[in-house]
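Notes for the one structure printed next.
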Amino acid sequence: MSDRGDAGFGASCGGVARPDFSGRWLTEPEEMDPFLVDWRRKWRGRAIAVAMPDTTEDVARVVRWCHEHAVPIVPQGGNTGLSGGSVPDESGRALVLSLTRLKRVRAVDLANDTITVEAGCTLGQVREAAQQADRLFPLSLAAQGTCTIGGNLATNAGGVQVLRFGNARELCLGLEVVTPDGEIWSGLRGLRKDNTGYDLRNLFIGSEGTLGIITAAVLKLFPVPPVRLNALVAVSDVAAATRLLDLARRHLAAGLTAFELFSHTCLEFVQHHVPGSSTPLAGRSDWYVLMELSGSGTQERAEESLQDVLAEALEQGLATDAALSQSLAQFNALWALRENISEAQGAQGKTIKHDISLPTSSIAAFIEDMGRAVLEQFPAFRLVVFGHLGDGNLHYNLSPPARAAGEPEDSTFAAAEPALNALVHDGVARRGGSISAEHGLGVLRRDESERYKSDVELKLMRAIKRALDPRSLMNPGKMLSH
């Protein structure tokens, strides 16, 4: 059954009247199905219904109903997550609460450089609203057409410009949240300084819907940089890329907006699967860096600054070749080489993914040591390594052995995932890193994470969960096992 909010309020759900709210209430299997499976189609669950409220007050009504009837709640935004955090389990007891109908831009304050948006706005819509106001909202993800700002905040999303602007947490000033018992906390304050107690905003950001439901946010805006250009740089190894990062930071300072690393295997996948992809560099290199400069001044001055960095890098042997964008088309084409890596790897077949972060100073040694360790055990597997070197976030992925057309996939690849996860994550932990940099724990990394956290850290996290959600109804089974 699917009705608009003002129809069929007498309809029952599990023997009790359904919540009274404005929005949609889905119970037909074909209507619910898109909300019950994740984007990667790795997890599928069941639910009593899908609620799609129209307003924050409606969200609160649904949550109060769930609290009264002890119904678990799975908050969901664009359902583009990669860790299984936005779909219900297989018990069929939970309600999926979709925020996608809360999509108003409530306010734009140019004097304060802020925008207030509801949680169901897609990241693309927020960026477009900022652009219409001649401002920049710098969070940038490949899924920005479908991922929502509520989900971005709930997972503390990162992206390609964290080096310059920080992740979602740094871009948010205030929140509106529905608590697990259905109250509304209005913390939509556009303040950059507020020392009046515990930082509740930062408690909910990154909590993956386990402590409450984000319904709106005040976000930072920035001036639109009049100048943007990038360069693709061939480097001999990751150690050279790390030294190039230091050189670029010293010369370009805050003008260095992004610094991305990817291997030749990544480039091969993109060129094979994405039509029109090509590199302006003459020869083959094991590793590449894509760096972006943005800021004020003139295009000519920016080009001169970036050329100076590249010239010094070539002179010092940090780079073996480089190509600087000369037009918007070239700028976008260079970015496409980096942004299409995930899609191209998916087109190759099954993947094993690791979203990790390390101190930048440890990345070169980690990649060298881990590559040797992985290939000793699984010599036919292909390493697909790329990420945000500027902020220490690597996507340390693997693909199965290459196969001829029509040849079945190697069955040993999927079976090797647990051993590979332990190998990679143990290496990350030894170097003081994290096994989830920007994707969140969800169910994918929940149990593994508890292996690497201290008893004290887990005790504190569970104490916070019990204090805010004593009945454990908010996204149960995600982030914490109990």
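The values are calculated or read from the model by the stated rules, or taken from the named source; none is laboratory data. The model shown is predicted, which means the values in this text are computed figures rather than measured ones. Here Cβ is always computed from backbone atoms with ideal geometry, including for glycine, and neighbour counts include all displayed protein chains.
Just to be sure, is G390 buried (at least 21 other Cβ atoms within 10 Å of the Cβ) and not assigned by TED's automatic domain parsing to the domain that holds A94?
It is true that G390 is buried (at least 21 other Cβ atoms within 10 Å of the Cβ) and not assigned by TED's automatic domain parsing to the domain that holds A94.
Out of region 149-207, which residues are among the aliphatic types (A, V, I, L, M) and part of a loop (DSSP other than H, G, I, E, B)?
Residues satisfying the conditions are A157, V160, L188, L191, I205.
Any residue in region 124-134 that is of a type in the set (K, R), on the phi < 0 side of the Ramachandran plot and modelled with pLDDT of 95 or more?
yes
Search region 271-289 for residues that are part of a loop (DSSP other than H, G, I, E, B) and pair each with any residue that is among the small types (G, A, S) when their beta-carbon atoms are under 7 Å apart and the residues are at least 6 apart or on different chains.
Sorted first by the residue in region 271-289, then by its partner, the pairs are V274/A344; S277/A336; P280/A323; L281/A234; L281/A323; S285/A234; D286/S236; D286/S263.
Quick one: how many residues across region 432-482 are in contact (Cβ under 8 Å) with a residue 60 or more places away in the chain, among the charged types (D, E, K, R) and in contact with a Lys or Arg (Cβ under 8 Å, 6 or more places away or on another chain)?
The total comes to 1.
Just to be sure, is E90 within 30 Å of H395 (Cα to Cα) and surrounded by fewer than 20 Cβ atoms within 10 Å (Cβ to Cβ)?
So E90 fits the description; yes.
I'm checking my understanding of the structure. Among residues of region 159-176 that are out of contact with any helix residue (DSSP H, G or I) (no Cβ under 7 Å at 6 or more places or on another chain) and either among the small types (G, A, S) or not assigned by TED's automatic domain parsing to the domain that holds R127 (or both), which one is surrounded by the most Cβ atoms within 10 Å (Cβ to Cβ)?
Top of the filtered list is G159.
Sort through C121, C147 and tell me the only one that's hydrophobic (A, V, I, L, M, F, W, C), surrounded by 20 or more Cβ atoms within 10 Å (Cβ to Cβ), touching a residue at least 60 places away in the same chain (Cβ under 8 Å) and in contact with a helix residue (DSSP H, G or I) (Cβ under 6 Å, 6 or more places away or on another chain).
C147
Looking at region 200-222, can you tell me whether even one residue there is under 30 Å from A467 (Cα atoms), in contact with a Phe, Trp or Tyr (Cβ under 6 Å, 6 or more places away or on another chain), modelled with pLDDT of 95 or more and not hydrophobic (A, V, I, L, M, F, W, C)?
Yes, region 200-222 has at least one match.
Test P379 against the stated conditions and say whether it is outside any helix (DSSP H, G or I), farther than 15 Å from A364 by Cβ and without any contact (Cβ under 8 Å) to a residue 24 or more places away in the chain.
Taking the combined requirement at face value, the residue satisfies it.
Being basic (K, R) and assigned to a loop (DSSP other than H, G, I, E, B) is the filter; apply it to region 329-369 and report the residue that is surrounded by the fewest Cβ atoms within 10 Å (Cβ to Cβ).
It comes out as K350.
Read through the list (1) under 19 Å from P359 (Cα atoms); (2) hydroxyl-bearing (S, T, Y); (3) surrounded by fewer than 15 Cβ atoms within 10 Å (Cβ to Cβ), then give the number of the only condition that S434 fails.
(3)
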